[in-house]
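*Asks:* Mind having a look at this structure? Questions to follow.
Every number in this text was worked out from the coordinates using simple rules, so none of it is lab data. Predicted model, so just to flag it, every value in this text is computed and none were measured. Neighbour counts run over all protein chains shown; Cβ positions are idealised from the backbone, glycine included.
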Amino acid sequence: MPSTDRRIVLAVTGASGMPYAMATARALAAAPGVETHLIASEAAEKVLAIETGMTVDDLAQGCILHDCHDITAPPASGSWKHDGMIICPCTMKTLASIANGYGEGLLHRAADATLKEGRKLVLVPRETPLGVIHLENMLRAAKAGAVILPACPGFYHEPGGVDALAGFIAGKTLDQLDIPHDLFRRWGD
């Protein structure tokens, strides 16, 4: 395995928006010096198959895959050093769990450990419309230190299709962790 400078956790939940997860996983796998640890919920596996025809093993290409039930996996512990965590897409259930400190399984525990250790946690919710409870949970998570990055792609870069729209969100997500990419044309470039 090549030497790594940074370790990133990517978690995928069962919200619609698997093209965002695919674009983010591919970009992380292609980023030099980045070791990506992937956690996918059971619901994510089902939605991934429905939306893309792919499996979690396909998504995990270039990543270290962890069983979502294995609470002994490294990302479950705050003492395991990493450089940030992304949850893309993020269900409202996962958002509620994080906002209220409820850790069930590896994915929620890893997010909790990320926040308690003061590391960057980027949540990419994919839901519309948003209800008051969703908004309050987003506010609670943000106050706890999470970055809320809704899956709302821009159009100023003149995207040519779904892959370009997904790449925009993946790029904005990687920007939060200072990971270089060329996933979209920046404003003014």
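*Asks:* Quick one: pull the percentage of alpha-carbon pairs in the chain with a separation above 20 Å. Before the final figure, lay out each step's value.
*Replies:* Working: 8931 of 17766 pairs.
Value for the chain: 50 percent of Cα pairs lie more than 20 Å apart.
*Asks:* Ok, one more. Given the DSSP H assignment, sum -39500 (n - 2.57) over each helix run of at least 4 residues in the chain and divide by its residue total; what's the result at 222 nm in deg cm²/dmol, nearest 500?
*Replies:* Working: 7 runs with 75 residues, N = 189.
Rounded to the nearest 500, the figure is -12000 deg cm²/dmol.
*Asks:* What's the longest uninterrupted piece of the chain once you rule out the GluC sites (Glu not before Pro) that are loop residues per DSSP with at most 15 other Cβ within 10 Å? Show your work: numbers first, answer last.
*Replies:* Details: sites that count: E104, E117.
For GluC sites (Glu not before Pro) (loop position, at most 15 other Cβ atoms within 10 Å), the longest site-free span of the chain is 1-103.
*Asks:* Now for a separate question. According to the Kirkwood expression over distinct Cα-Cα pairs, how big is the hydrodynamic radius of segment 119-173, in Å?
*Replies:* Details: mean 1/r = 0.0806 Å⁻¹.
By the Kirkwood definition, the hydrodynamic radius is 12.4 Å.
*Asks:* To make sure I understand the rule: partners must be lysines, Cα under 27 Å from the Cα of K120, and not fewer than 8 residues away in the same chain. Which ones qualify?
*Replies:* The qualifying lysines are K81, K93, K143, K172.
*Asks:* Take R140 and D189, extend 7 Å from each Cα along the Cα→Cβ direction, and tell me the distance between the two endpoints in nm.
*Replies:* It works out to 3.8 nm between the two label points.
*Asks:* Ok, one more. Can you tell me the relative contact order of the chain? Whole percent, Cα pairs under 8 Å, sequence separation 6 or more. Don't skip to the end; give the middle numbers.
*Replies:* Numbers: 355 pairs, mean separation 43.5, N = 189.
Taking the mean separation of contacting Cα pairs over the length of the chain, I get 23 percent.
*Asks:* Shifting gears a bit: How big is the antiparallel share of DSSP beta bridges in segment 6-176, given as a percent to the nearest 5?
*Replies:* Details: 0 of 20 bridges.
Restricted to segment 6-176, the bridges split so that about 0 percent are antiparallel.
*Asks:* Using DSSP to call loops (not H, G, I, E or B), can you name the trypsin sites (Lys or Arg not before Pro) in segment 21-121 whose Cβ has at most 14 other Cβ atoms within 10 angstrom?
*Replies:* On the way: sites: R26, K46, K81, K93, R109, K116, R119, K120; in loops: K81, R119, K120.
When the trypsin sites (Lys or Arg not before Pro) of segment 21-121 are filtered for loop state and at most 14 Cβ neighbours within 10 Å, K81 remain.
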